[in-house]
1. Filter segment 110-128 down to the residues that are of a type in the set (Asp, Glu) and either over 26 Å from ASP37 (Cα atoms) or part of a strand (DSSP E or B) (or both) and list them by number.
2. Look at GLU41 and say whether it is in contact with a Pro (Cβ under 7 Å, 6 or more places away or on another chain), surrounded by fewer than 19 Cβ atoms within 10 Å (Cβ to Cβ) and closer than 20 Å to GLU128 by Cα.
3. Out of MET120, MET112, I need the residue that is open to solvent by less than 30 Å² (accessible area, probe 1.4 Å) and within 14 Å of the ligand (Cβ to nearest atom). Which one?
4. Sort out which residues of segment 94-109 are surrounded by fewer than 19 Cβ atoms within 10 Å (Cβ to Cβ), touching a Gly at 6+ places or on another chain (Cβ under 9 Å) and assigned to a loop (DSSP other than H, G, I, E, B), and write them in order of number.
5. Just name the residue that is farthest from the ligand (Cβ to nearest atom) out of those in segment 59-93 that are closer than 21 Å to GLU127 by Cα and in a loop (DSSP other than H, G, I, E, B).
6. For VAL66, are the conditions met, namely being in contact (Cβ under 8 Å) with a residue 12 or more places away in the chain, open to solvent by less than 50 Å² (accessible area, probe 1.4 Å) and not hydroxyl-bearing (Ser, Thr, Tyr)?
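The values are calculated or read from the model by the stated rules, or taken from the named source; none is laboratory data. Just so it is clear, the structure is predicted and the values come from calculations on it, not from any experiment. A quick note on method: Cβ atoms are made from the backbone with ideal geometry, for glycine too, and the neighbour counts reach across all protein chains shown. Calculation scope for accessible area: heavy atoms of the full protein, side chains included, ligands and nucleic acids excluded. Shrake-Rupley method; radii C 1.70, N 1.55, O 1.52, S 1.80 Å.
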Amino acid sequence: MKKVLALIATSMLFLVLAACGGDKEAAPANGTGGDTDVVPEAELVISGSNFQFDKPEYTLKKGVPVKITYKNEEGNHGVMIPALNLQLDSNNDTAVVTPDKTGEFEISCSIMCGSGHSNMISKLIIEE
Ligand SMILES: [Cu+2]
């Protein structure tokens, strides 16, 4: 078992080194799931603390590219919005997305942050 762990650790180190040695311009500073070449027309900041987001609900407009930024106010959290195929945290804190459907969706914490983790749920409303 120890051997397997050592092997995994070694291969992860390799991946990190390979990522650092690569062409830096090929890796934009953008969160998972963002549209890198879209100019945002709106901005939304979501911040997280122990154990909630700063608002119970956030509203976006369908078809309007929005720059979403995640801020950690307290503890170590992240934000996950499956409806937008988006995940942000303090290492990867901003992305531009264009909501393509209306409705109400769930925002949750993407990092296993402790006892209050499962309470970190807010609502995303996407309006026409
Ligand atoms: Cu959490």
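1. Narrowing segment 110-128 to residues of a type in the set (Asp, Glu): 127-128.
Of everything in segment 110-128, just one residue is of a type in the set (Asp, Glu) and either over 26 Å from ASP37 (Cα atoms) or part of a strand (DSSP E or B) (or both), namely GLU127.
2. Values: in contact with a Pro (Cβ under 7 Å, 6 or more places away or on another chain): yes; surrounded by fewer than 19 Cβ atoms within 10 Å (Cβ to Cβ): yes; closer than 20 Å to GLU128 by Cα: yes.
Against the criterion (in contact with a Pro (Cβ under 7 Å, 6 or more places away or on another chain), surrounded by fewer than 19 Cβ atoms within 10 Å (Cβ to Cβ) and closer than 20 Å to GLU128 by Cα), GLU41 qualifies.
3. Being open to solvent by less than 30 Å² (accessible area, probe 1.4 Å) and within 14 Å of the ligand (Cβ to nearest atom) holds for just one of MET120, MET112, which is MET120.
4. Narrowing segment 94-109 to residues surrounded by fewer than 19 Cβ atoms within 10 Å (Cβ to Cβ): 94, 98, 100-106, 108.
Now narrow it down to the ones that are touching a Gly at 6+ places or on another chain (Cβ under 9 Å): 94, 98, 100.
Listed by number, the residues that qualify are THR98, ASP100.
5. Once the filter is applied, the top-ranked residue is GLY63.
6. The answer is yes for VAL66.
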